[in-house]
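Report on the following structure.
The values are calculated or read from the model by the stated rules, or taken from the named source; none is laboratory data. Computed from a predicted model, the values in this text were never measured in an experiment. Ideal geometry is used to build each Cβ from the backbone, glycine not excepted, and the neighbour counts take in all protein chains shown.
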Amino acid sequence: MNRFASLLFLRKKRATRWALYYLYAFFFLAIAGDFLANEKPLYCKLEGKRYFPVIQQYTINLGWGHWEARFLQQGWKDQPYEQVVFR
């Protein structure tokens with residue numbers, strides 16, 4: 001029996017199904033944790049440019065991007081936003 005077929009078999013048992021639901025919920029919370037608890041806005045517009053700081057933080061953590069100097073010099077609450085959406 002291949003691995004995928006064994007997962008389908010496990011889903012038929014009630015206790016296993018609930019354990020998988022809890023596992024999915026913890027996985028979702030781990031992925032969405034930065035959106036739920038952070039000091040950065042979800043969306044902001046500065047000088048006509050749109051930014052998504054929470055998503056940009058993921059790219060910075062992976063080494064694919066960097067913050068502009070103005071974001072490193074001032075706090076997120078002190079920026080002169082045109083539009084902003086905080087959590």
| Looking only at residues in segment 24-69 that are part of a helix (DSSP H, G or I), in contact (Cβ under 8 Å) with a residue 12 or more places away in the chain and out of contact with any Lys or Arg (no Cβ under 8 Å at 6 or more places or on another chain), which one is nearest to F86 (Cα to Cα)? | D34
| said: If I go through segment 23-76 residue by residue, how many of them are of a type in the set (S, T, N, Q), at pLDDT 85 or above and surrounded by 11 or more Cβ atoms within 10 Å (Cβ to Cβ)? | reply: 4
